[in-house]
Amino acid sequence: MELQKFYYDNRIVKMFAYATLFWGIVGMLVGVLVAFQFIFPELNFNFAYTTFGRVRPVHTNAIIFAFVGNGIFTGYYYSLQRLLKTGMASKWMSYVHFWGWQFIIVLAAVTLLAGFTSGKEYAELEWPIDILLALIWVFFGWNMMWTILKRRTKHIYVAIWFYIATFVTVAVLHIVNSIEIPWSLLKSYPVYAGVQDALVQWWYGHNAVAFFLTTPYLGLMYYFLPKAANRPVYSYKLSILHFWALIFLYIWAGPHHLLYQSIPNWAQSLGTVFSIMLIAPSWGGMINGLLTLRGAWDRVREDPVLKFFVVAVTAYGMSTFEGPMLSLKSINAISHFTNWTIAHVHIGAMGWNGFLTFGMVYWLFPKMFKTRLYSIKLANLHFWIGTLAILFYSIPMYWAGWTEASMLKQFAEAGTLMYPNFLQVVGQIMPMYYMRAFGGALYFLGAFLLVYNIYKTVKAGSFVAYEEAEAPALEKEGKRKSGEGYHRFLERKPITFMILAIVAILIGGIVEIVPTYLIKTNIPTISSVKPYTPLELHGRDIYIAEGCYNCHSQMIRPFRSETERYGEYSKAGEYVYDHPFQWGSKRTGPDLWRIGVKTGKNYKPDAWHYNHFMDPQKMNATSIMPAYPWLARYEINLDQTAAKIRVMQTLGVPYPEGYDLIANDDLKAQAAKIAEGLRAQGIEISDNKQMVAIIAYLQRIGTDIVNGEPAAK
């Protein structure tokens with residue numbers, strides 16, 4: 001059979017690899033800053049663009065979409081061509097993908113620091129960037145599927161199964177979760193509200209972890225680990241079970257992020273059941289990876305690439321065991337809203353994603369530059385520094401989480417809370433924050449060693465931009481042959497394979513989300529719940545822009561410890577006008593849902609809020625909250641009020657017809673009253689300042705019901 005010559009495009013691989021290293025350093029450096037802001041609040045610099053609330057989403061987006069995202073594409077462009085025995089179908093689409101992705105990353109950093117955020121975990125980017133991201137993702141997927149169709153191999157290898165599932169699922173997740181209506185060039189409100197928004201967001205949020213941080217990296221594991229070990233994958237049958245069970249089960253697990261919260265009990269139960277079931281396919285993948293190294297364990301002691309891969313796969317196994325455990329209600333009641341979750345997330349990010357990326361980079365660059373790695377010793381040093389860093393980071397965070405939970409739930413013999421002040425708990429876990437910061441800095445140091453090692457390797461080598469290869473043309477085959485397994489046959493039909501993957505991932509999302517729209521009893525209405533006033537709406541948007549949701553929840557769970565500390569537990573019907581929802585995922589500070597209830601345990605007058613925003617440490621020396629003095633300087637943009645009201649009306653919020661034309665009159669009247677009260681307390685402030693709006697919002701939230709009954713209006 002005649003061999004056809006073709007070329008592997010290494011240029012696009014190199015570009016994504018360089019981007020991986022660059023954004024990895026940037027993302028980790030920002031993470032170190034965030035960690036040190038916990039112990040030195042002055043590192044917020046009293047500057048709007050550098051506060052924790054704005055910097056933290058920059059860190060998460062930089063690690064997930066910039067570092068890990070570019071790492072995915074590095075491995076994808078290298079492995080896909082070689083597994084399919086062909087160059088990429090379209091070079092120009094590859095380069096549009098690269099430059100478009102980098103442009104999105106830059107836009108994300110700039111807009112998030114400027115306060116343009118949707119306020120939704122892992123989906124903070126605003127509507128223009130969401131659209132651009134979807135377009136670039138289509139370029140990526142189209143090029144991938146086109147390349148698969150022009151392959152010179154009969155069957156698509158297991159790594160490519162995971163690449164296909166990643167493409168279709170991330171597209172579905174991103175589009176569904178990002179449906180929003182703009183009210184300005186860079187701001188919008190999501191079409192979902194309250195309970196529905198929470199379900200859609202954590203259907204997206206959990207599966208962003210599943211299908212962006214997990215499935216593509218499993219594909220990379222199935223390619224690079226056997227290559228580095230020079231061993232075949234342990235079990236083809238286990239690969240099949242791993243893939244289909246994982247993509248079907250994963251999509252159901254999102255509600256386990258919302259246990260004991262105001263979503264229907266049946267949704268919580270589904271999330272828990274499917275999360276527990278996930279242990280089987282997840283550990284099947286881990287076992288398949290580790291047993292691929294059978295016969296190669298002697299090499300692991302010497303080869304830093306294999307060391308990184310072994311720890312990465314082990315971290316994957318640990319995370320995918322711990323995740324289902326955290327979905328058990330009894331454990332979730334302890335872990336949720338604490339630093340336990342932070343430890344869990346970083347085992348996955350630092351161990352699984354970080355170490356697999358490091359190992360892949362160490363293996364790839366010598367191949368592409370036709371040379372040896374500059375220093376094996378330096379790579380081994382990086383491995384041990386990185387491993388110690390993970391331990392220094394995660395163990396204190398586990399300890400902090402358990403400490404938080406035990407202190408916050410502890411009652412004295414008299415039946416009162418042992419630690420009623422949240423800051424008592426914060427003071428207790430400060431040593432853990434110091435250790436976490438040290439661990440993060442150590443991890444960053446290891447990444448810096450990697451960059452230096454790769455730089456020296458590149459300098460010593462000679463890059464092969466287009467690597468010549470040859471293979472026979474693919475012979476078209478139609479029907480399933482006698483003796484050919486059904487899955488083996490399916491591997492010859494990539495379009496059919498993709499359609500089946502789409503069906504597998506759609507079932508869980510439809511079952512969990514659609515009933516909240518069709519069955520009204522899922523979200524009981526409360527007659528006293530009214531829309532936010534125009535001033536409160538502005539205040540809510542300022543609250544979101546400043547990233548307050550990163551530290552404060554607005555969801556009181558039905559635990560005695562929480563109702564004693566914060567007030568009446570939250571009801572689903574209270575959130576029907578919240579676009580977006582603000583239930584939170586981590587409490588670095590206390591819950592705020594009942595802070596506006598004047599008879600509540602945590603009520604604070606307007607003057608207290610003003611002074612607290614201006615100088616939190618003056619109000620309480622142990623506070624780690626940043627100051628927000630610019631809120632007393634920046635003015636409310638009254639030109640935006642009408643547009644906000646009109647979008648809310650479109651979303652079903654019952655403002656009167658024509659209210660957009662007079663909304664600013666109500667805003668000014670309410671603002672004047674608050675400012676007048678502050679001036680009576682000796683605080684000079686104009687009516688039109690953002691401080692007035694955010695105080696109005698804080699004094700409103702959670703006030704629609706009092707002691708379980710509709711509040712009098």
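The values are calculated or read from the model by the stated rules, or taken from the named source; none is laboratory data. These numbers come from a predicted model, not from an experiment. Positions of Cβ are generated from backbone atoms using ideal geometry, with glycine treated the same way; all protein chains shown enter the neighbour counts.
Among the helices (runs of 4 or more DSSP H) confined to region 635-713, the ones with at least 3 residues that are surrounded by 14 or more Cβ atoms within 10 Å (Cβ to Cβ) and β-branched (Val, Ile, Thr) are located at 641-650, 690-700.
With under 30 Å from residue 363 (Cβ atoms) and surrounded by 20 or more Cβ atoms within 10 Å (Cβ to Cβ) as the only criterion, which of 454, 556 stands out? Don't jump to the end; show me each part of the working.
Details: 556 fails: under 30 Å from residue 363 (Cβ atoms).
Only one candidate passes the filter, namely 454.
Give all pairs with beta carbons closer than 9 Å in which a residue from region 412-423 that is in the same structural domain as residue 591 (by TED's automatic domain parsing) meets a residue that is of a type in the set (D, E, K, R) and modelled with pLDDT of 95 or more; count only pairs at least 6 apart in sequence or on separate chains. Partner pairs satisfying both residue conditions: none exist. When the test is whether a residue is surrounded by fewer than 23 Cβ atoms within 10 Å (Cβ to Cβ) and free of Cβ contacts under 8 Å to residues at least 24 places away in the same chain, residue 110 passes it. For region 192-244, the tally of residues that are within 21 Å of residue 261 (Cα to Cα), not small (Gly, Ala, Ser) and not in a helix (DSSP H, G or I) stands at 1.
Candidates 345, 311: the one that is buried (at least 21 other Cβ atoms within 10 Å of the Cβ), in contact with a helix residue (DSSP H, G or I) (Cβ under 9 Å, 6 or more places away or on another chain) and aliphatic (A, V, I, L, M) is 311. Could you count how many residues in region 261-282 are more than 18 Å from residue 173 (Cβ to Cβ) and in a helix (DSSP H, G or I)? Within region 261-282, residues that are more than 18 Å from residue 173 (Cβ to Cβ) and in a helix (DSSP H, G or I) number 12.
Somewhere in region 52-66, is a residue part of a helix (DSSP H, G or I), crowded, with 18+ Cβ neighbours inside 10 Å and free of Cβ contacts under 8 Å to residues at least 40 places away in the same chain? Explain how you work it out, then say what you get.
Of the residues in region 52-66, the ones part of a helix (DSSP H, G or I) are 52-66.
This time we only want the ones that are crowded, with 18+ Cβ neighbours inside 10 Å, so: 52-66.
Applying the additional criterion that residues be free of Cβ contacts under 8 Å to residues at least 40 places away in the same chain yields 59.
Scanning region 52-66 turns up at least one residue that is part of a helix (DSSP H, G or I), crowded, with 18+ Cβ neighbours inside 10 Å and free of Cβ contacts under 8 Å to residues at least 40 places away in the same chain.
Which one of 495, 519 is among the hydrophobic types (A, V, I, L, M, F, W, C) and at pLDDT 90 or above? Just one listed residue meets the conditions, 495.
Evaluate the following for residue 575: is it surrounded by 24 or more Cβ atoms within 10 Å (Cβ to Cβ) and closer than 21 Å to residue 339 by Cα? No.
In region 42-51, how many residues are surrounded by 19 or more Cβ atoms within 10 Å (Cβ to Cβ) and either part of a loop (DSSP other than H, G, I, E, B) or not aliphatic (A, V, I, L, M) (or both)? Walk me through it before giving the result.
Step one: filter region 42-51 for residues surrounded by 19 or more Cβ atoms within 10 Å (Cβ to Cβ), giving 44, 48, 51.
Still in the running and either part of a loop (DSSP other than H, G, I, E, B) or not aliphatic (A, V, I, L, M) (or both): 44, 51.
Of the residues in that region, 2 qualify.
Of the residues screened, residue 147 is not one that is touching a residue at least 40 places away in the same chain (Cβ under 8 Å) and assigned to a loop (DSSP other than H, G, I, E, B).
Out of region 70-85, which residues are farther than 14 Å from residue 14 by Cβ and either within 26 Å of the chain's Cα centre (by Cα) or assigned to a helix (DSSP H, G or I) (or both)? Spell out how you get there, then give the answer.
First, the residues of region 70-85 that are farther than 14 Å from residue 14 by Cβ: 72, 79-80, 82-85.
Correct list: 72, 79, 80, 82, 83, 84.
Residues are listed down the side, and each one gets a yes or a no for (1) within 17 Å of the chain's Cα centre (by Cα); (2) surrounded by fewer than 21 Cβ atoms within 10 Å (Cβ to Cβ):
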| site | (1), (2) |
| --- | --- |
| 140 | no, no |
| 152 | no, yes |
| 161 | no, no |
| 171 | yes, yes |
| 175 | yes, yes |
| 178 | yes, no |
| 184 | no, yes |
| 188 | no, no |
| 199 | yes, no |
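Counting the residues of region 247-260 that are outside any loop (DSSP other than H, G, I, E, B), farther than 13 Å from residue 324 by Cα and touching a Gly at 6+ places or on another chain (Cβ under 9 Å) gives 2.
Comparison of 86, 74 shows that the only residue that is among the β-branched types (Val, Ile, Thr), within 30 Å of residue 468 (Cβ to Cβ), crowded, with 23+ Cβ neighbours inside 10 Å and touching a strand residue (DSSP E or B) at 6+ places or on another chain (Cβ under 9 Å) is 86.
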